[in-house]
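The numbers here are math on the coordinates, done by the rules we state, and not lab data. Worth saying up front: this structure is predicted, and the values here are computed from it rather than measured. In this analysis, Cβ positions are derived from the backbone assuming ideal geometry, glycine residues included, and neighbour counts consider all displayed protein chains.
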Ligand SMILES: C[S@@+](CC[C@H](N)C(=O)[O-])C[C@H]1O[C@@H](n2cnc3c(N)ncnc32)[C@H](O)[C@@H]1O
């Protein structure tokens, strides 16, 4: 496993609570399930993927756990063919795809798990909005930096929640606790947006939107 993947998977699995059944939806290689099993975070793991080719990798990685009945591999579009689980991870997909998988499951009557751990590659705001809408509370929601990239990580548990605009856009833990990775991210975003705004001149090319974003970002480095 490459360092970048290993470090990302380690950060993700660090927020997985101890549970009976852990499901990794869109598992690909299956590294997160392997880590969850090895570290004793789950008694059983369900690895699932919509692609048979991807699922084969997880099947091979977890063959010993599968033989011992501690893991199963399921070909599935989202939660469609999954047994009930206590904790589910959906990582490495876009926020819109993640939100669709969760809302499709809710519409199909699948009983969603107590805890969802989500690592959207983009559009994290859409994931947060959906979670609050369907009755999940954001317990942890922060950015981490690995291999020259920032990743949002959201841990949500069942319960009512109301999100502020800032929490929805940037993540609850980030805006309330200002962790160092978030501050660095804000500074990097500002250094990307400021020259674009300057190039736009007084009018045109959506300067208003860019300036609004800059204003929202500046709040965290000016305070
Ligand atoms: C980029 S990989 C991420 C793998 C792993 N979760 C990680 O974070 O390293 C995305 C995986 O999600 C799978 N996938 C995409 N849409 C899916 C869906 N609707 N249901 C299940 N798996 C899906 C893909 O086949 C692929 O293996």
**Item:** the range 182-222 - percent relative contact order, Cα under 8 Å, separation 6 or more
**Value:** 55
**Fill in**
Per-residue Cβ contact counts at 10 Å, fewest first, order 103, 76, 191 as 191, 103, 76
**Request:** Report, to the nearest 10°, how far helix 180-200 tilts away from the longest principal axis of the Cα atoms in the chain, using its own Cα long axis and a range of 0 to 90°.
**Result:** 50
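What percent antiparallel are the DSSP beta bridges of the chain, to the nearest 5?
Working: 14 of 35 bridges.
Antiparallel: roughly 40 percent of the beta bridges in the chain.
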**Linear extension gain, residue 43 paired with residue 10, 0.36 nm per residue minus alpha-carbon span** = 10.1 nm
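Per the helix-only calculation at 222 nm, which mean residue ellipticity applies to the chain, given -39500 (n - 2.57) for every DSSP H run of n ≥ 4 and division by its residues, nearest 500 deg cm²/dmol?
Values: 10 runs with 107 residues, N = 223.
The helix contribution divided over the chain gives -14500 deg cm²/dmol.
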**Using a Förster distance of 30 Å, the FRET efficiency for residue 215-residue 160 (Cβ separation, nearest 0.05)** = 0.50
**Cα-projected label distance for residue 198 with residue 149, points at 7 Å along beta-carbon direction, nm** = 3.0
**Beta bridges per DSSP with both ends in the range 137-223, % antiparallel, nearest 5** = 100
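How much of the calculated P(r) for the range 182-222 lies past 13 Å, in percent of all Cα pairs? The partial results should precede the final answer.
Numbers: 390 of 820 pairs.
Distances greater than 13 Å cover 48 percent of the Cα pairs.
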**Prompt:** Counting alpha carbon pairs within less than 8 Å and at least 6 residues apart, what relative contact order, in whole percent, applies to the range 36-107?
**Reply:** 28
**Item:** Least to most buried among 140, 35 (fewest other Cβ within 10 Å first)
**Value:** 140, 35
**Complete:** Semi-axes (Å, rounded, descending) of the ellipsoid equivalent to the range 1-74 per its C-alpha gyration tensor are 17, 16, 10
**Complete:** Distance in Å, no decimals, from the C-alpha centre of the range 74-142 to the one of the range 17-59 is 15
**Helix 52-61 vs. the chain, principal-axis angle (Cα, 0 to 90°, nearest 10)** = 70
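Would you kindly state how much longer the chain becomes between residue 56 and residue 75 on full extension, computed as 0.36 nm times their sequence separation minus their alpha carbon distance, in nm to one decimal?
Working: separation 19, 0.36 × 19 = 6.84 nm, distance 0.97 nm.
In short, 5.9 nm is gained.
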**Fill in**
Rounded to the nearest 10 degrees, the helix 95-107 long axis (Cα) sits at an angle to the longest Cα principal axis of the chain of 50
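Take every Cα pair under 8 Å in the range 3-166 that's 6+ residues apart, average their separations, divide by the length, and report that relative contact order as a whole percent.
Numbers: 338 pairs, mean separation 30.3, N = 164.
Result for the range 3-166 is 18 percent.
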